[in-house]
Amino acid sequence: MKKNISFWELDKLTLGQQQSLLQRTESDLSDYITQVQPIIAQVREQGDQALVDCAARFDGASITIDQLRVTDDEFNAAAKQVDQEALNAIRFAADNIRNYHQSQKPGEMTMQEVRSGSFVGERFLPIPSVACYVPRGKGSFPSVLLMNAIPALVAGVKRIIVITPPGPDGSVDAATLLAAREIGITEVYKCGGAQAVAAVAYGTETLPRCSKIVGPGSPWMVAAKQVLASRIDPGIPAGPSESIVFADASIDGKLAALDLLIEAEHGPDSSAYLVTTSREVAEAAIRAMPEHWAEMSELRVEFSSTVLCGPMGGVVLAPDAASAFEFINAYAPEHLQILSLDPWQYLGQIENAGEVLLGQHSPSTLGNFVLGCNAVLPTSGAAATVSPLGVMDFMKFMSVAYVTESGYPEMAKQARVLATYEGFDGHANAVSEVRQRHIR
């Protein structure tokens, strides 16, 4: 059956039509929130038993309470299922991810003298615990485990756990377990979706309550994080995958089509656009799609064609580069690829994107797996204000101040003026001559 790629000419769309192209699956979570609330309540009230029931209901997995945590035997069995080539790739990716994130870690403390004898700074500390969510339903994601957990390890988080949905046979993806063992993560639990978020927000008999949850997931998971934000830090908003591939006239349209399929194949709830200033590139990309689909599995063709032939994907033809990047910045994509023989000319026009991959040799595939920059990125337009997952997501800092005897008089004088103006007598008295009578 012929699949018609969605095609829009930007300068022929009304403002309302342009705005509709910016929508994502999780743009309106109200229906999902309604659906996850009873799941959250069940986990809060029933704990482990709710997780077992949800595994059967949502994952088709028959597990018992004592099987919620992955055992040493399961880790050992998983190691035998993964070939050496895959193990080498996991180690290659882990090294790059670790090296990149180590450069982000701040020193233990900073201090600067703001006035003679008066010092202020920050002391950096890791958060106490984190749950790293690794999705399962539309694929297996050992790379996501590495992206989630390695920056937490670099930050020095004391307790790092992994939560991931079980397969129908009750097992966890073998490569995901191997990746966990490779980097030293030993706590892996079989639960996914809204029930997993609730489990680590409240804690159950088996799963610990955690300070934070990170990782990408379905709209149900995103909705659960929103509902439970007062119980657990929900981390950066990371929902279904989304991307924009920008290609100028210097690029083969077949290449643009090839890279457009990278994020489009994640699932039917993904979003993916090719934005180009060249009608020739647009038409060539559309013509090339059946050729690329012929090299993909039926499932991935179904996912990507649903996206690219629907309202949240396809090809956008812009009249010029300025219009193209105005649209891109309004969209604020999770992933942005710039395909051009001179990609650097466009970097200054990009304001909002989770990541920018420049040139013909930097497909999103590399960023997703092995380059080292984090592939857990803000979605649904959050890239306008939110950064990729990194070491600082697993750290906090406290302000530190120290005023010497010589620095105190000037600070006290100015502070007392402001305290008096604002009507705070206690504040003002604490920096008045009364203080001098009590200082030893």
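The values are calculated or read from the model by the stated rules, or taken from the named source; none is laboratory data. As the structure is a computational prediction, the values presented were derived from the model and not from experiment. As a convention, Cβ positions derive from the backbone with ideal geometry for all residues, glycine included, and neighbour counts pool all protein chains shown. Note: accessible area is taken over every heavy atom of the protein model, side chains too, but ligands, DNA and RNA are not part of it. Shrake-Rupley method; radii C 1.70, N 1.55, O 1.52, S 1.80 Å.
Worth a mention:
- Each Cα pair under 8 Å and six or more residues apart adds its sequence gap; the mean of these over the residue count of the stretch 291-387 is a relative contact order of 25 percent.
- Difference of contour (0.36 nm per residue) and Cα-Cα distance, Gln37 to Asn99: 18.3 nm
- Carbon/sulfur fraction of accessible area - the stretch 354-429, other protein chains in place, 1.4 Å, %: 60
- Remark: the stretch 1-45 carries 65 Å² of accessible area per residue (probe radius 1.4 Å; ligands, DNA and RNA excluded).
- Anisotropy class of the stretch 47-123 from Cα gyration tensor, a/c 1.5 cut: oblate
- Excluding ligands, DNA and RNA, the accessible surface per residue across the stretch 110-209 is 33 Å² with a 1.4 Å probe.
- 10 Å Cβ shell holding at most 16 others, DSSP loop, GluC sites (Glu not before Pro): longest site-free stretch of the chain: 1-107
- Under a Gaussian network description of the chain, with springs only between Cα atoms under 10 Å, the residue in Ile150, Ile185, Ile163 that fluctuates furthest is Ile185.
- Two-decimal Rg to Rh for the stretch 36-194 - Kirkwood Rh, Cα set: 1.10
- Under 5 Å, built H, 5+ apart or other chain: amide partners of Val245: Tyr273, Leu274, Val275, Gln337
- Amide N of the stretch 359-403 lying under 12 Å from the label point, which is placed 7 angstrom from the Cα of Phe119 along Cα→Cβ: 400-403
- Using a probe of 1.4 angstrom and keeping all protein chains present, the accessible surface of the stretch 217-326 works out to 36 square angstrom per residue.
- Rounded if a/c under 1.5, otherwise prolate or oblate - the chain, Cα gyration tensor axes: oblate
- Helical segments meeting 18 Å axial Cα length and Kyte-Doolittle 1.0 threshold in the chain (DSSP H): 142-155
- The fraction of accessible area contributed by carbon and sulfur in the stretch 1-109 is 46 percent, rounded to a whole number (1.4 Å probe; ligands and nucleic acids excluded).
- Solvent-accessible area assigned to carbon and sulfur over the stretch 257-345 amounts to 54 percent, based on a 1.4 Å probe.
- Rounded to 5, percent antiparallel among DSSP beta bridges of the chain: 30
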